[in-house]
Amino acid sequence: MKTIKVGWIGIGNMGVPMVKNLVKAGFNVTVYNRTIEKAFALQTEVGVSVAHSPAELVAGNDFIITMLADDAALTEVYTGTDGILSGQPTAGLLAIDMSTVSPETTRRLAGLCAEKGIGYMDAPVSGSVKPAEDAQLIIMTGGKQADFDKAQPLFNAMGKLSLLLGDNGAGNNAKLAINLFLAITIQGFSESILFAQQNGISTQQFLDIVNNGAAGSEITKLKSAAILADNFKAAFALKHLAKDLRLAEGQGMHLPAGKAVAASYKAANDNLGDEDMIAIIKHLQNK
């Protein structure tokens, strides 16, 4: 049976565990990262190969997967010097972007890829570092059914659920919608904790009430430990959620809670952007 070859670009907090799960599942993975030392460290740890440019990944791989910070980084990887589109693709190459970017960027890159004979899917994920480590991500995709079917073994190695939601851009819109819900949840969770504190309710006891009742969820349970430990190391950085809310506004999000939360995260981003999204509670404490 042919070993499937995967080129991977972007090994940050999410990319590293996702690559490890692909290696564990038996895929032959070559990685590129702008900071090459991170790529060599991963090579030492799990045996991936290392490329020195995105263009190197185009020939010889069946898939190229990108997991990058934003639209600008993704566009540069495709259209920059030695970018993906400068290479000569293997026949049947499928590019899969798992970043959170705008649908407009996805559709533009999909069109450029089509001109080179490269398939393209948007496939952003729901879940942060721990779900990535446990291969429990939810993968939301946009593209063609045949490409989705082709990519299924990779998605199965990284996540617990993958869905084809429509044409290119559909996965992006679903990701923006779920992150809007996440931001509203985290903001409300934080505000309720602060209200309880202001009225003499201990944080530990209030969190027990939340997490043992109908208002509790996986995210409140996950972030409760961080709040009690005053630990704001980024699993999902606040700056990324602020960016996603900005993208949602660009897609027409204009509802009252969403607009208010977007403004809150935008203000918090100035000082707390590199901390975890739950650091919004620190911003609200100073209001």
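The values are calculated or read from the model by the stated rules, or taken from the named source; none is laboratory data. Quick caveat: nothing in here was measured; it's all calculated off a predicted structure. Please note: Cβ atoms are built from the backbone with ideal geometry, for glycine as well, and neighbour counts cover all protein chains shown. For accessibility, only protein heavy atoms count, side chains too; no ligands or nucleic acids. Shrake-Rupley method; radii C 1.70, N 1.55, O 1.52, S 1.80 Å.
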- What figure in square angstrom, to the nearest 10, would you give for the accessible area of S102 with a 1.4 Å probe? 10 Å²
- Note on the structure: Computed D for the range 1-119, Stokes-Einstein, Kirkwood radius over alpha-carbon pairs, 20 °C, 1.002 mPa s, to the nearest µm² per second, is 152 µm²/s
- Note on the structure: Links exceeding 20 Å between C-alpha atoms in this model, out of K38/K175; K130/K221; K24/K223, come to K38/K175; K24/K223
- Item | Spin-label pair S192/K24, simplified geometry with 7 Å Cα→Cβ offset, distance in nm | 3.2 nm
- Query: At L228 and A59, where each label point lies 7 Å from the Cα along Cα→Cβ, what is the point-to-point distance in nanometres?
  - Reply: 5.7 nm
- Message: Nearest 500 deg cm²/dmol is fine: what mean residue ellipticity at 222 nm does the chain get from its DSSP H runs of n ≥ 4 alone, each adding -39,500 (n - 2.57), divided by its residue count?
- Response: -16000 deg cm²/dmol
- With a point put 7 Å past each Cα toward its Cβ, work out how far L161 is from K259 in nm, to one decimal. 3.1 nm
- Message: For a Förster distance of 22 Å, can you work out the FRET efficiency between the beta-carbons of Q88 and V50, rounded to the nearest 0.05?
- Response: 0.65
- Partner aspartates and glutamates for K266 [C-alpha distance under 20 Å; skip if fewer than 8 residues away on the same chain]: D70, D71, E191, D244, E249, D274, E275, D276
- Pair-distance profile P(r), taking every C-alpha pair of the range 230-287, with 5 angstrom steps and integer %: 4, 22, 30, 22, 15, 6, 1, 0
- Task: Give the Cα extents of the range 15-83 along the principal axes, in whole Å, largest first.
- Result: 31, 22, 18
- For the range 157-236, how big is Rg over Rh, using alpha carbon atoms and the Kirkwood form of Rh? 1.08
- Under the Debye formula (equal points on every Cα, no solvent term), log10 I(q)/I(0) of the range 184-287 at q = 0.11 Å⁻¹: -0.33
- Item | Per residue accessible area of the chain, 1.4 Å probe, in Å² | 46 Å²
- Over all Cα pairs of the range 39-191, how is the pair count split among 5 Å bins, expressed in % and running from 0 up to the last occupied bin? 2, 9, 17, 21, 21, 16, 8, 3, 2, 1, 0
